[in-house]
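The values are calculated or read from the model by the stated rules, or taken from the named source; none is laboratory data. Note that the structure is predicted; figures quoted are calculated from it, not measured. Counting neighbours? That spans all protein chains shown, and the Cβs are built from the backbone with ideal geometry, glycine included.
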Amino acid sequence: MEAETEVLVVGAGPTGLLLAAELALAGVRTDVVERRTHPQPNSRALNLHPRSLELMDQRGLAERFLAAGRTVPGWQFAGTLHTPLDFSSLASPQPYALLLAQSRTEALLEERARELGVRIHRGHEVTGLKQKDDSVEAKAEVEVEAEVEVELRGPAGPATVRAAYVAGCDGARSTVRRAAGIAFPGTDESFTAMVGDFATADHADLDRARQHGILVSRLEPGLTRFVVMDPERMRVPSTTPVTLAEFRTAVLGVCGTDCGIGNPTWLSRFGNATRLAGRYRSGRLLLVGDSAHIHFPVGAQGLNTGLQDAMNLGWKLAACIHGWAAPGLLDSYDAERRPVGLAVTERTEAQTLLVELPLVERYRRPARLLCELFDTLLGLPEVNRHLAGQLSALDTAYPPTTSTAHPMTGRRMPDLPLTLSDGRRIRTYELLHEGRFVLLQLTAAQDHLNHLTAPEHVTAVTARTEPRALDATTEVLVRPDGHIAWATDTTDPHTLDTERTRAMRKWIRL
């Protein structure tokens with residue numbers, strides 16, 4: 001690989017690959033290094049939630065993913081509950097989860113990254129990392145000099161790469177996080193569960209296994225996943241290897257049959273350690289995905305949260321490298337995404353209790369009553385919709401920069417049907433395929449059009465939409481990640497020009 005790059009992404013998992021693709025889409029020279037020599041064949045994560053699917057849609061990738069998986073209308077709030085969260089009631093063009101093995105998600109994202117020119121180097125491990133000067137804030141964030149030196153060990157021996165920025169997408173034991181000196185506080189694991197993928201299973205017993213709290217998923221023809229939480233083995237450390245005999249004994253003990261499992265393709269153990277990085281940025285080093293947050297995989301939020309981290313960071317980092325970022329833009333990555341990481345880790349801790357307590361004999365009866373109460377609450381549409389919005393990440397909204405901001409500011413831009421001034425019909429998300437800001441003037445909300453002036457990095461669009469689609473909103477500035485940077489109900493041309501310019505200056509160096 002070359003001795004210098006603009007961004008070095010460490011880790012070729014889904015988060016690292018999406019971040020690299022986003023940077024390349026914005027014209028940033030990007031390299032990915034991965035210590036593994038081949039893609040990971042096993043899949044811890046099995047699905048993409050609605051917000052992640054929306055992000056794929058915003059880049060024109062949704063059909064690739066949907067063709068590779070299977071949609072389901074909801075997901076479990078906690079594995080011990082019988083009432084699922086209903087995604088189909090949520091306002092989204094993708095109101096469902098997509099069952100898709102992580103290995104397939106990685107393959108699709110790698111395909112995307114390579115299409116955009118990302119260079120992926122497997123078999124390269126980071127052995128050292130040093131920033132020349134981590135006081136980036138003291139400089140104008142338009143400098144793209146290689147300020148970080150990264151020592152690598154690869155197939156050809158040791159090598160040094162210099163980069164303007166380094167993104168740590170290298171998981172819970174992140175080398176980048178340790179080199180940055182960023183704390184990773186939280187709690188150690190207090191119990192573990194086992195996961196296994198089996199080529200042989202007696203499908204007649206699967207419903208019985210599910211009724212006893214074993215999570216069962218059909219991954220692909222001829223392969224079935226079991227996740228079992230065995231009271232007799234819940235204190236075994238996650239570092240202890242799992243054997244087929246142990247797994248069979250656990251399944252038999254929990255549901256009275258071993259379900260005929262055999263021919264495992266993967267056996268593993270995982271725990272409920274929960275940690276959140278003290279910050280997501282140290283100078284030119286940034287943390288994304290599992291390097292910034294880990295938790296028990298209840299709700300399947302880990303991979304999805306990482307993808308959403310990458311989408312938030314990609315355009316901001318590109319703006320800094322290309323020199324059009326407003327001052328402080330890169331700091332907004334930590335300001336926006338770390339609170340999301342905190343909320344996810346706290347909510348998963350709450351859900352994990354509903355999994356762990358029924359395994360402890362002294363709490364078994366009250367835990368059953370608690371789960372029955374939660375099942376009753378999830379049967380209430382408003383409660384179910386509230387928790388579904390949280391778990392799906394469709395309710396994620398970033399805090400506005402002013403107290404007088406429009407109520408839509410920071411929220412997801414809805415995928416509206418639009419009719420452009422030339423008569424073409426298009427959806428809002430199609431305007432985001434290039435990963436640029438979009439300034440959208442909605443003519444249904446006003447009697448006359450104003451002349452739109454937009455800087456180089458913003459696509460200006462005048463369109464007609466359904467009456468009352470956004471109430472009285474006249475203009476919307478949509479960020480590259482699909483969140484609303486600014487909106488207004490104003491129709492006065494002079495006021496519009498003033499508000500628009502002021503809003504853009506918060507994000508773009510005009």
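Is it the case that A199 is assigned to a strand (DSSP E or B) and in contact (Cβ under 8 Å) with a residue 60 or more places away in the chain?
Criteria met by A199.
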Looking at the structure I just gave you, is V28 touching a strand residue (DSSP E or B) at 6+ places or on another chain (Cβ under 8 Å), of a type in the set (A, V, I, L, M, F, W, C) and farther than 19 Å from D481 by Cα?
no
Qualifying residues in region 282-306 (those that are touching a strand residue (DSSP E or B) at 6+ places or on another chain (Cβ under 6 Å) and either among the aliphatic types (A, V, I, L, M) or assigned by TED's automatic domain parsing to the domain that holds T224 (or both)) - the one nearest to P84 (Cα to Cα)
A300
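Name the residue, out of P39, P93, P73, that is within 21 Å of S174 (Cα to Cα) and not aliphatic (A, V, I, L, M).
Going through P39, P93, P73 in turn, the sole match is P39.
Is it the case that region 220-231 has a residue that's surrounded by fewer than 19 Cβ atoms within 10 Å (Cβ to Cβ), part of a strand (DSSP E or B), in contact with an Asp or Glu (Cβ under 8 Å, 6 or more places away or on another chain) and outside the structural domain of T348 (by TED's automatic domain parsing)?
Of all residues in region 220-231, those surrounded by fewer than 19 Cβ atoms within 10 Å (Cβ to Cβ) come to 220-223, 227, 231.
Still in the list and also part of a strand (DSSP E or B): 220, 223, 227.
Retained after the next criterion (residues that are in contact with an Asp or Glu (Cβ under 8 Å, 6 or more places away or on another chain)): 223.
When the remaining residues are screened for being outside the structural domain of T348 (by TED's automatic domain parsing), the result is 223.
Yes, there is a match, as at least one residue in region 220-231 is surrounded by fewer than 19 Cβ atoms within 10 Å (Cβ to Cβ), part of a strand (DSSP E or B), in contact with an Asp or Glu (Cβ under 8 Å, 6 or more places away or on another chain) and outside the structural domain of T348 (by TED's automatic domain parsing).
May I ask you to verify whether G306 is farther than 24 Å from P41 by Cβ, in contact with an Asp or Glu (Cβ under 8 Å, 6 or more places away or on another chain) and buried (at least 16 other Cβ atoms within 10 Å of the Cβ)?
When the stated conditions are applied, G306 does not pass them.
Please verify whether R210 is at pLDDT below 95 and either under 28 Å from E361 (Cβ atoms) or in a helix (DSSP H, G or I) (or both), treating the condition exactly as stated.
Values: at pLDDT below 95: yes; either under 28 Å from E361 (Cβ atoms) or in a helix (DSSP H, G or I) (or both): yes.
Yes.
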Between residues in region 342-368 that are more than 21 Å from L85 (Cβ to Cβ) and residues that are among the charged types (D, E, K, R) and part of a helix (DSSP H, G or I), which pairs lie under 9 Å by C-beta distance while being six or more apart or on different chains?
Y363/E356
For R235, which of the numbered conditions (1) within 23 Å of L357 (Cα to Cα); (2) within 28 Å of the chain's Cα centre (by Cα); (3) outside the structural domain of L48 (by TED's automatic domain parsing) fails to hold?
(2)
Of the conditions (1) under 23 Å from R70 (Cα atoms); (2) assigned by TED's automatic domain parsing to the domain that holds G79; (3) basic (K, R), R279 clears all except one; give me its number.
(1)
Does region 161-173 contain at least one residue that is in contact with a Leu (Cβ under 8 Å, 6 or more places away or on another chain), assigned to a loop (DSSP other than H, G, I, E, B), modelled with pLDDT of 95 or more and assigned by TED's automatic domain parsing to the domain that holds V288?
yes
Tally, over region 470-490, of residues that are touching a strand residue (DSSP E or B) at 6+ places or on another chain (Cβ under 8 Å), part of a loop (DSSP other than H, G, I, E, B) and under 15 Å from P414 (Cβ atoms):
4
From L100, L85, L19, grab the single residue that is in contact with a Cys (Cβ under 9 Å, 6 or more places away or on another chain) and of a type in the set (A, V, I, L, M, F, W, C).
L19
For region 364-400, which residues satisfy the criterion of being out of contact with any strand residue (DSSP E or B) (no Cβ under 9 Å at 6 or more places or on another chain) and hydroxyl-bearing (S, T, Y)?
T376
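Here is a check on your reading of the model: is A183 over 18 Å from G79 (Cα atoms), among the small types (G, A, S) and modelled with pLDDT of 95 or more? Full working, then the answer.
Numbers: over 18 Å from G79 (Cα atoms): yes; among the small types (G, A, S): yes; modelled with pLDDT of 95 or more: yes.
Yes; evaluated as a whole, the condition is true for this residue.
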Conditions (1) touching a Pro at 6+ places or on another chain (Cβ under 9 Å); (2) buried (at least 20 other Cβ atoms within 10 Å of the Cβ): number failed by L129:
(1)
Residue by residue through region 247-292, note down the ones that are among the aromatic types (F, W, Y), touching a Phe, Trp or Tyr at 6+ places or on another chain (Cβ under 7 Å) and either part of a strand (DSSP E or B) or within 24 Å of E356 (Cα to Cα) (or both).
none
Taking only pairs six or more apart or across chains, which ones have beta-carbon atoms under 6 Å, a first residue in region 174-191 that is acidic (D, E), and a second residue that is buried (at least 20 other Cβ atoms within 10 Å of the Cβ) and part of a loop (DSSP other than H, G, I, E, B)?
E189/N272
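Given the condition of a type outside the set (A, V, I, L, M, F, W, C) and either within 15 Å of the chain's Cα centre (by Cα) or buried (at least 24 other Cβ atoms within 10 Å of the Cβ) (or both), answer yes or no: does some residue in region 68-75 qualify?
Here is the first cut: in region 68-75, the residues of a type outside the set (A, V, I, L, M, F, W, C) are 69-71, 73-74.
Still in the running and either within 15 Å of the chain's Cα centre (by Cα) or buried (at least 24 other Cβ atoms within 10 Å of the Cβ) (or both): none.
Among the residues of region 68-75, not one is of a type outside the set (A, V, I, L, M, F, W, C) and either within 15 Å of the chain's Cα centre (by Cα) or buried (at least 24 other Cβ atoms within 10 Å of the Cβ) (or both), which makes the answer no.
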Starting from region 49-63, keep only residues that are within 9 Å of N304 (Cβ to Cβ), then list their pairs with residues that are in a loop (DSSP other than H, G, I, E, B) and at pLDDT below 95 whose Cβ atoms are within a distance under 8 Å, requiring at least 6 positions of separation or different chains.
H49/A300; H49/Q301
Matching strands (runs of 3 or more DSSP E) fully within region 364-445 where at least 1 residues are surrounded by 14 or more Cβ atoms within 10 Å (Cβ to Cβ) and of a type in the set (S, T, Y):
417-420
